[in-house]
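Each remark here refers to the structure printed beneath this line.
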Amino acid sequence: MNLLKLHYIIVSGRLTLFNTKKICKNCEHFIAKNQECGKFGDTNLVTGKETFEYASIVRNDKTKCGEDAEHFEKKSSKIEKFLTIFK
């Protein structure tokens with residue numbers, strides 16, 4: 001990073017170049033097909049069907065994951081998952 005960019009970050013107070021928010025699509029619990037959170041759901045006791053809440057609702061609810069992503073678990077890459085076989 002050159003000095004001019006670094007000066008701009010310090011003077012303006014903008015650190016948007018460095019994304020520090022946890023994003024649902026990078027979480028182990030995220031179900032991309034339906035944009036749901038696999039951490040928060042319910043199972044129908046008669047049919048056994050599982051239903052999950054939308055990730056956007058979970059992130060907006062402070063009692064669940066909230067804006068700070070309290071239940072965030074970083075998604076492992078395919079290589080990391082493969083290497084766990086050898087541990």
Check your understanding: Which residues, taken from the stretch 59-72, are over 21 Å from Lys33 (Cβ atoms) and surrounded by 10 or more Cβ atoms within 10 Å (Cβ to Cβ)?
Key -> Asp61, Lys62, Gly66, Glu67, Asp68, Glu70
Check your understanding: Restricting attention to the stretch 51-58, does a residue exist that is at pLDDT 95 or above and exposed (fewer than 12 other Cβ atoms within 10 Å of the Cβ)?
Key -> yes
Point to revise | Those residues of the stretch 55-87 which are more than 17 Å from Gly41 (Cβ to Cβ) and assigned to a helix (DSSP H, G or I), in sequence order | key: Lys78, Ile79, Glu80, Lys81, Phe82, Leu83, Thr84, Ile85, Phe86
Check your understanding: When both residues are 6+ apart or on different chains and their Cβ atoms are under 6 Å apart, which pairs have a first residue that lies in the stretch 73-87 and is exposed (fewer than 10 other Cβ atoms within 10 Å of the Cβ), and a second that is at pLDDT below 75?
Key -> none
Revision key, fill the gap. Of the residues in the stretch 1-50, those that are charged (D, E, K, R), at pLDDT below 95 and more than 24 Å from Ala69 (Cα to Cα) come to Lys5
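The values are calculated or read from the model by the stated rules, or taken from the named source; none is laboratory data. As the structure is a computational prediction, the values presented were derived from the model and not from experiment. Neighbour counts are summed over all protein chains in view; Cβ atoms, including those assigned to glycine, are modelled from backbone coordinates with ideal geometry.
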